[in-house]
Amino acid sequence: MKAENNCIVIFGASGDLTHRKLIPALYNLYKIGRLTENFSVLGVARSELNDETFREKMRNALIEHEKANGAMLDKFCSHLYYQAVNTSDARDYGKLVPRIDELHDKYQTCGNTLYYMSTPPSLYGVIPECLAAHGLNTEEYGWKRIIVEKPFGYDLKTAHALDIQIHRFFEEHQIYRIDHYLGKETVQNLLVLRFSNGLFEPLWNRNYIEYVEITGAESIGVEDRGGYYDGSGAMRDMFQNHLLQVLAMVAMEPPAIINANSMRDEVAKVLHCLHPLNQEDLKNNLVLGQYVKAEINGETVAGYLQEKGVPEDSNTETYMALRCEIDNWRWAGVPFYVRTGKRLPVRVTEVVIHFKTTPHPVFSKSAPENKLIIRIQPDEGISMRFGLKKPGAGFESKEVSMDFRYADLASPSLLTAYERLLLDAMKGDATLFARTDAVHACWKFVQPILDYKAERGRVYEYEAGTWGPTEADKLIAKAGRVWRKPSGAMKKKV
Ligand code: BG6
């Protein structure tokens, strides 16, 4: 389905996200015919650019990141415009009114306007108010939607405050909170895998599942984002949003029908059921870490404290591992081990469902473990691991695997997360955007962890290029388990 005709107003248009993600996503949607000719993009920021200089900047970015060229690139760039605005001064937003009107007239976009706040979070409350001061939020002539980038608040209190601020000027149906993990094809595939196969659903519960592992590992460090990251840490940067959303996809109940509300009802329900962790629980179920300098492949890699923008005595965690549980009928008593970190050995996001073993090992001392490995990125795919007889005498078993890789599909034309989410927002489909109650449920669960960290949370060191602090191994070893150590690529097809 194509996007509805509309004018996309990007606040923070001179920033990184705009030229690295947003404009490339819009260009690719245009290239594959998901955007009609009836659209325009109005970049807004403080920088004194004009239409021509903005187009030039975006054109260069598209050539660099997307290898764009030719008539398609020219045609796309002709839809781009720019307006310099002091984004914290409501009066200055007056300049937007004639610009947006003019674009609606020119492209016949019937007043439909998508605002994208790709700005520092301090402006998330300001922009809606300034738009409203000029009537740019009302839906009398065309729809008005507003996309909010993460972070949605800094903790439970600020998340509430931000919500109140935005809701003063935009109704919930107009607000699209973007979590780019929900835009990933393989995260959505979790739902299809679970709810369209009779094979898995009967097993997907505490009777057959021993435990679940969710890993969001990155091999890069904080790069040039030290200033931002230090105020955030792994907990706010990855866990509170991306990994809890993945957990919700693994654990939610099937929605009665596929529409935004029933899907998001189920997500919110499961997040509300996360077992609240008190300070005593956290002592035994949480491990925080920070990477230190190490040699990787003969090269010295800086520790977190040596990164640009990071205070030399910072206590910010670049790694966290948590054991949590979900208090409902499906999951009671099943541990979910969730970990994320920077400067780990490989970049990989995966979910591993560990099934219970047979009640009695017949053929060897220990029965093989059945595992379903859902590889979210990179090298997207699914691998089922189970035991088969070792050829030869006797009845010894060995682990074998059945693998599916997206790359083996004939035409794996996957939309990137930003392409998918921008397209959905332009179609008015909020299914893959976080609803306010789900965001609050996440913060409610995370707040005691933040408090614990602030008061007594010890941050252990781990060498860059390793799988985190040894305390994390001890955490999972308490139940006689070990973390899976995934490699960079899934096993090749056999
Ligand atoms: C972002 C975080 O939201 O997600 C980054 O701010 C992180 O720190 C990134 O690197 C990971 O996204 P992806 O899609 O590369 O897994």
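Bear in mind these aren't lab numbers, they're just calculated from the coordinates by the rules spelled out. Note that the structure is a prediction, hence the values are computed from the model and not measured. Because the Cβ atoms are built from the backbone with ideal geometry, glycine has one as well, and the counts that use them run over all protein chains shown.
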Mind listing the long-range amide H neighbours of Ile147? Cut-off is under 5 Å, sequence gap 5 or more, other chains count too, H placed in the peptide plane at 1.01 Å from N. Tyr115, Tyr116, Met117, Tyr176
Placed amide H near Gly221: partners under 5 Å, 5+ positions off or other chain: Arg343
In whole Hz and in residue order, list the ³J(HN,Hα) couplings for the range 367-384 that follow from phi through the Karplus curve 6.51 cos²θ - 1.76 cosθ + 1.60, θ = phi - 60°; x for Gly and Pro. 6, x, 7, 8, 10, 10, 9, 9, 8, 7, 5, x, 6, 4, x, 9, 9, 9
Between the range 86-102 and the range 204-274, what's the alpha-carbon centroid distance in Å? 37
Along the charge dipole of the chain, which of Met263, Ala367, His79 sits closest to the positive end, that is, farthest toward it, with unit charges on the beta carbon of Lys, Arg, Asp and Glu (+1, +1, -1, -1)? Ala367
What is the dipole size for the chain, taken about its Cα centre, with +1 at each Lys and Arg Cβ and -1 at each Asp and Glu Cβ, in debye to the nearest 20? 1560
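May I ask what percent, to the nearest 5, of DSSP beta bridges between residues of the chain are antiparallel?
Beta bridges within the chain, antiparallel portion: roughly 55 percent.
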To test your reading of the geometry: what angle, between 0 and 90 degrees and rounded to tens, separates the Cα axis of helix 185-195 from the longest principal axis of the chain? 60
Taking just the C-alpha trace of the chain, give me its Rg and Dmax in Å. 24.0, 84
Dipole of the range 110-219, Cα-centred, from +1 at each Lys and Arg C-beta and -1 at each Asp and Glu C-beta, to the nearest 20 debye? 60
Amide H to amide H under 5 Å from Gly43: which residues, 5+ apart in sequence or cross-chain, H placed 1.01 Å off N in plane? Ile10, Tyr81, Tyr82, Gln83
So which chymotrypsin sites (Phe, Trp or Tyr not before Pro) in the range 321-372 end up in coil per DSSP with only 16 or fewer other C-beta atoms within 10 Å? Trp329, Phe363
So for the range 380-471, taking the charge dipole from beta-carbon charges (+1 Lys/Arg, -1 Asp/Glu), which of Leu414, Thr436, Gly392 sits furthest toward the positive end? Gly392
Would you tally the net charge around Asp16, using a Cβ to Cβ cut-off of less than 10 Å, leaving Asp16 out, and scoring K and R as +1, D and E as -1? +2
MRE, 222 nm, helices only [DSSP H, n ≥ 4, -39500 (n - 2.57), over the chain, to nearest 500]: -9000 deg cm²/dmol
Residue by residue through the range 140-153, what is 3J(HN,Hα) from phi via Karplus (6.51 cos²θ - 1.76 cosθ + 1.60, θ = phi - 60°)? Round to whole Hz and write x for glycine and proline. 5, 10, x, 7, 10, 10, 10, 9, 10, 7, 5, x, 8, x
Check each of the GluC sites (Glu not before Pro) in the range 286-321 and keep only those in coil by DSSP with at most 14 other C-beta atoms within 10 angstrom; list them in order. Glu312
D_trans [Stokes-Einstein, Kirkwood Rh over alpha-carbon pairs] for the range 198-292, 25 °C, 0.890 mPa s, µm² s⁻¹: 151
Short version: ³J(HN,Hα) in whole Hz for each residue of the range 109-114, in order, from phi by Karplus 6.51 cos²θ - 1.76 cosθ + 1.60 (θ = phi - 60°), x for Gly and Pro, what are they? 9, 6, x, 5, 9, 10
For the range 418-434 and the range 1-31, what is the centre-to-centre distance using only Cα atoms, to the nearest Å? 12
Reachable lysines from Lys95, Cα under 25 Å, same-chain residues fewer than 8 places away excluded? Lys57, Lys106, Lys144
Mean Cβ count within 10 Å, highest first, over the residues of peptides 343-350, 158-165: 343-350, 158-165
Proximal charge balance of Thr470 [Cβ under 12 Å; K/R count +1, D/E count -1]: -3
